[in-house]
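Below: the structure, in structure tokens.
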Amino acid sequence: MADYSLGLQCKLCGKRYDKQPINFCTDDFGPLEVVYDYAAIKANISREKIQSRPRSMWRYRELLPIAGNPTVGPQVGGTPLIRANRLADELGVEALWIKNDAVNFPTLSFKDRVVSVALSKAVEFGFRIVGCASTGNLANSVAANAAQAGLEAYIFVPSDLEKAKILGTSVFGANVIGVNGTYDEVNRLCTQVAFKYKWGFVNINLRPFYAEGSKTMGYEIAEDLGWRFPKHVVAPMAGGSLIGKIHKAFTELHEVGLVDAPVTTKMYGAQATGCNPISDCVKSDRDRHKPIRKPNTICKSLAIGDPADGIFSSKLIRNSGGWAEDVSDDEIVESMLQLARTEGVFAETAGGTTLAVAKKLIEQGRIPRDEEIVLCITGNGLKTQDCLADAVERPANIKPSLEAFDAIYAGDPVLV
Amino acid sequence: MTKVQIPPPLREQANGLAEVPVAGATVGEALADLVRQCPALDSKLFDSGKLRPHINVLVNDEDIRYLDDLETPIADGQAIALIPAVAGG
């Protein structure tokens with residue numbers, strides 16, 4: 001299949017670059033973004049064509065920047081969009097959906113989408129060693145997908161990360177390096193390592209391609225709604241890339257003629273108060289976020305103090321008519337429980353953050369109760385169980401006798 | 001004497017050097033001296049006299065935004081690193 005991407009372009013000055021592993025403009029250090037031949041895509045894509053393909057993120061192949069077929073992660077994506085009626089009743093809203101990437105394949109987070117593109121591209125560029133800087137979910141995904149692709153992986157994480165996320169990386173045979181520092185320090189180190197060793201770092205020199213994978217979450221939401229856009233989307237923000245890519249996905253679907261109506265979706269960003277550079281930037285109407293030196297929250301997957309897309313996501317949120325908020329660790333845990341107990345979805349801390357922020361925005365009147373809302377759940381609660389230890393009841397331990405059960409059960413028996 | 005570490009994409013404008021020795025008591029003065037020695041770096045690092053937003057400047061591994069920005073004092077022997085900021089997430 002044809003590669004409809006034309007090259008890379010600086011988001012600040014517009015300078016064009018050939019397709020290559022580079023993430024910033026050499027004139028002004030602005031981020032590079034993939035540009036496409038949308039006219040050619042429009043002539044070669046249709047709803048029927050997409051719907052005839054397997055339910056994975058690669059059914060939108062024409063809108064992703066690789067040559068040929070994906071070599072890594074061909075089965076990623078295609079996660080459920082759930083109509084969340086019980087949660088909607090509790091929140092007092094009419095129509096609520098959950099895009100559930102907590103069950104993405106193979107590593108239970110939306111990061112499988114970005115890694116599938118990045119590692120397919122890494123193979124295309126001829127890298128044999130790949131890596132990433134990660135708060136956990138990306139670590140899991142790079143390690144798993146690299147294993148499947150037969151690539152060697154070096155994964156750099158803050159050393160205080162949740163145990164489950166470190167183990168869930170090492171299990172795939174990746175070289176895991178715990179760095180005694182914040183994510184931003186890990187990230188900076190990886191930038192230097194990428195320069196020195198010329199490895200394929202998915203979120204550094206492969207970042208323009210990597211970030212495009214997030215768009216597929218947006219394509220799937222629109223297709224599952226019957227090829228239309230929701231009024232309101234709430235997404236978690238760490239580096240601030242995902243929220244922009246979901247919006248870009250909607251814009252592209254309109255551009256290539258798959259959705260007739262133009263995009264009017266309002267985008268809302270969610271952060272933890274203990275690391276809120278982007279929501280603070282939106283709320284205080286600053287042009288540029290103030291970096292957070294030492295993030296302090298249980299929501300480690302969103303703990304990026306100096307987000308690469310902070311400036312762009314703040315601007316997008318404001319321009320779309322949306323807003324951003326941040327919530328406390330207690331609110332995050334409470335919302336994790338609420339999501340699990342109303343919809344049977346066990347999301348990680350970032351999912352609790354997204355729901356808690358949605359509730360706050362609904363209560364503030366920023367999101368109207370009578371319009372359709374989509375919550376983006378990006379990771380799985382099985383990876384962040386530690387924070388719930390005190391929040392859930394311990395199971396009753398009893399002897400295997402009916403008498404022992406009767407002693408703890410208060411209900412009336414049907415048969416005496 | 002302080003050294004500024006130059007990332008590979010900027011070395012062409014720094015006469016091919018990985019490190020450039022500079023003089024100055026603050027980060028601002030040191031970078032001004034760097035630009036005096038390597039004029040081609042000026043437009044890469046600064047826009048209308050202001051440091052571009054997507055380049056991070058570190059003194060002994062600490063981001064100057066957490067210190068005193070361009071006013072951050074530098075002691076003899078400390079290294080200044082320039083690192084592209086658009087990464088991660």
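The values are calculated or read from the model by the stated rules, or taken from the named source; none is laboratory data. Quick caveat, the model's predicted, so the values are computed rather than measured. As a convention, Cβ positions derive from the backbone with ideal geometry for all residues, glycine included, and neighbour counts pool all protein chains shown.
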Scanning region A:13-30 for residues that are within 9 Å of chain B (Cβ to nearest Cβ) and under 24 Å from the mean Cα position of the chain (by Cα) gives A:22, A:23, A:24, A:30
Residue count, region A:150-198, condition basic (Lys, Arg) and within 14 Å of chain B (Cβ to nearest Cβ), comes to 3
In region A:127-143, anything part of a strand (DSSP E or B) and either under 17 Å from residue A:300 (Cβ atoms) or within 14 Å of chain B (Cβ to nearest Cβ) (or both) is listed as A:131, A:132, A:133
Taking region A:152-171 and keeping residues free of Cβ contacts under 8 Å to residues at least 40 places away in the same chain and either in a helix (DSSP H, G or I) or closer than 19 Å to residue A:199 by Cα (or both) leaves A:152, A:153, A:155, A:156, A:157, A:166, A:167, A:169, A:170
Selection from region B:26-67 of residues away from chain A (no Cβ under 14 Å), out of contact with any Asp or Glu (no Cβ under 6 Å at 6 or more places or on another chain) and modelled with pLDDT of 95 or more yields B:27, B:28, B:29, B:30, B:31, B:32, B:33, B:34, B:36, B:37, B:38, B:39
Selection over region A:365-384 where residues are outside any strand (DSSP E or B) and either more than 17 Å from residue A:331 (Cβ to Cβ) or without any contact (Cβ under 8 Å) to a residue 40 or more places away in the chain (or both) yields a count of 9
If we keep only residues of region A:199-243 that are away from every other protein chain (no Cβ under 14 Å) and small (Gly, Ala, Ser), then the residue surrounded by the fewest Cβ atoms within 10 Å (Cβ to Cβ) is A:226
Note to self: Please determine whether any residue of region A:147-167 is among the polar types (S, T, N, Q) and buried (at least 24 other Cβ atoms within 10 Å of the Cβ).
What the structure shows: no
Over region A:13-26, the set of residues under 24 Å from residue B:53 (Cβ atoms) and at pLDDT 95 or above is A:13, A:14, A:15, A:16, A:17, A:20, A:21, A:22, A:23, A:24, A:25
ask   = Going by the conditions given, is residue B:6 under 12 Å from the mean Cα position of the chain (by Cα), within 12 Å of chain A (Cβ to nearest Cβ) and farther than 25 Å from residue A:239 by Cβ?
value = yes
Is it true that some residue in region A:356-372 is under 23 Å from residue A:168 (Cα atoms) and not aliphatic (A, V, I, L, M)? no
I'd like to check something: does region A:50-64 contain any residue that is in contact with a Gly (Cβ under 9 Å, 6 or more places away or on another chain), of a type in the set (S, T, N, Q) and either surrounded by 15 or more Cβ atoms within 10 Å (Cβ to Cβ) or in a loop (DSSP other than H, G, I, E, B) (or both)?
yes
**Request:** Go through the residues of region A:81-95 one by one and say whether even a single one is buried (at least 21 other Cβ atoms within 10 Å of the Cβ) and assigned to a loop (DSSP other than H, G, I, E, B).
**Result:** yes
Residue A:362 passes all but one of the listed conditions (1) out of contact with any strand residue (DSSP E or B) (no Cβ under 7 Å at 6 or more places or on another chain); (2) without any contact (Cβ under 8 Å) to a residue 60 or more places away in the chain; the exception is number (2)
Condition set in a helix (DSSP H, G or I), within 12 Å of chain B (Cβ to nearest Cβ) and among the aliphatic types (A, V, I, L, M), scope region A:267-311, selection nearest to residue A:185 (Cα to Cα): answer is A:302
When restricted to B:17, B:82, the only residue modelled with pLDDT of 95 or more and within 12 Å of chain A (Cβ to nearest Cβ) is B:82
Contact list, first residue from region A:385-408 and closer than 29 Å to residue A:334 by Cβ, second anywhere and part of a loop (DSSP other than H, G, I, E, B) and of a type in the set (Gly, Ala, Ser), beta-carbon distance below 9 Å, six or more apart or interchain, is A:408/A:396
